[in-house]
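Step one of this worksheet: look at the structure below.
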Amino acid sequence: MDATTVPRSSMPTRPIPIETGGATGVTHAPPIRTTPAEKPTFQEGTMILLSTPIRVALPLLCLLSLLACGGGGEGGNMETGGNTTTTPLVVETREESAESSRMSGESSEDSPAEGDDFSFGPLDETLAFSFVSDLVAFGPHPAGSEALAEVRRYLRDRLEEFGIAVLSDPFTADTPIGPIEMENLIGVIPGRRSDLLLIGSHFDTKHFEDFTFVGANDGCSSTGLLLEIGRVLAATPPPWTIWLVFFDGEEALVSWSETDSRYGSRHLVERLDGEGSLARVRALLLIDMIGDANLGIRKEGLSTPFLVEETWALAERLGYGDVFLPGYLFIEDDHTPFLDAGIPAIDIIDFRYGPGENSNAYWHTAQDTLDKLSPESLGIVGDTLLNLLPRLFSSFSAGSRPPR
């Protein structure tokens, strides 16, 4: 992720958090702080990151076919038990599955309730932390490395243990150091409707030559939590189809820029658009750097305002108001390609990662280690997300999106 105030087309090495108390231009001070009731105001001379998002023309229809089917020509890979078959990235719904069951004479369960009466089982923060610990044990795992391939196998194995079908989304990334084979993983939890909600995390770590970077918080914390969220969701069929997206290549290979960063999310948006499936995506909920024992999450200013306000209001009701803080900062992360494509998205990220109230001293250093994290922080973010989902299910009719 990147915190900055300059246009995306000329992004410098990240991060450059900004202040709003009269500063002009940019500063390497701690992340932006504002009064609780105000968004930041930009002074004359400050370059603004908030250029108008690109609105792409959304396709009218999505290919609706079963994930387990073969065929479909070139597309994603369906990974089951190590076997790979070619299939497009498609949206399966429980209505389709139920219809297949009726035609075959099989019985089907009643459709799940939607709205605030719908709920998921409890999240196990200790289990989530154990997943994070497992990921840290792999050591550094930057994009294109054998270690990341091992992490990918680990993620697939855990998802399949939970009964979640796994899609592989391989692609070749054009990077400043040459072509690199990358691969997103997508855990698919079919819903009753084809409305598609994405919950995402990047699972690569930043590469550093001069020290060992395991990315306990930056990469591992959100990925471990996403696994546990998947386990919980798999036990209770949701109204909407949910994709658990593990993004490859979020980190820059050389220096953060529009083209050297977020390889997996940029690729997935392009692919869904090309396959006619982007119109099904209602929103992306992105998590990143959410394991800090001293958790303090500010509102990310590029995120869709409705999703931000819903999340913060819910966190307050759940008793997490001391963690979901007032004030804004602006972060380039895996949500921005979706925003640019017209998809509502939120980035839930704690960019205060270090000793002291507003320090970010542990970020992208050898100090980003497991001992800085806590299961309680994972539990707070996970509980908030699981309670947010029913609100999203009830707030929007089929085929609609949150207001931008």
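Under 16 Å from a label point set 7 Å out along the Cα-to-Cβ vector of residue 270, the amide N atoms of the stretch 162-181 belong to 169-181.
For a quick check: sort 164, 348 by the number of other beta carbons within 10 angstrom, fewest at the front. Mind showing how you got there, number by number?
Working: 164 21, 348 25.
Ascending Cβ contact count within 10 Å gives the list 164, 348.
How would the stretch 214-281 be classified by its alpha-carbon gyration tensor: rounded, prolate or oblate, with rounded meaning a/c under 1.5 and the a/b versus b/c comparison settling the rest? In terms of gyration-tensor shape, oblate.
For residue 283, enumerate residues with amide H under 5 Å from its amide H, sequence gap 5+ or separate chain, H modeled in the peptide plane. Here 198 satisfy the definition. Close amide H partners of residue 331, meaning residues 5 or more places away or on another chain with modelled amide H under 5 Å apart, are 301, 302. Mind running the shape call on the stretch 151-253? Use the C-alpha gyration tensor, a ≥ b ≥ c as the square roots of the eigenvalues: rounded below 1.5 for a/c, prolate if a/b tops b/c, oblate otherwise. Judged from the Cα gyration tensor, the stretch 151-253 comes out prolate (a/c at least 1.5, a/b above b/c).
Rounded, prolate or oblate: pick one for the stretch 303-363, where a ≥ b ≥ c are the square roots of the eigenvalues of its C-alpha gyration tensor, a/c under 1.5 means rounded, and failing that, prolate if a/b is larger than b/c, else oblate. Verdict is oblate for the stretch 303-363. A simple spin-label model places the labels of residue 130 and residue 371 2.4 nm from each other, with each point 7 Å out along Cα-to-Cβ.
Taking the convex hull of the alpha carbon positions in the stretch 295-400 and averaging its projected area over all directions gives 7.5 nm².
Here the stretch 143-249 is assigned +1 on the Cβ of each Lys and Arg and -1 on the Cβ of each Asp and Glu. Its dipole about the Cα centre then comes out at about 600 debye. With a cut-off of 20 Å, note down the residues of the stretch 257-272 whose backbone N falls inside the zone around a label point 7 Å from the Cα of residue 172 toward its beta carbon. Hits in the stretch 257-272 for residue 172 at 20 Å: 259-272. Put a dot 7 Å past the Cα of residue 137, heading toward its Cβ, do the same for residue 309, and the two dots end up 4.6 nm apart.
Bear in mind that the values in this text are calculations on the coordinates, not laboratory data. The shown structure was predicted, so the numbers you read here are calculated from the model rather than taken from an experiment. Quick reminder, even Gly has a Cβ in these numbers, built from the backbone with ideal geometry, and neighbours come from all protein chains shown.
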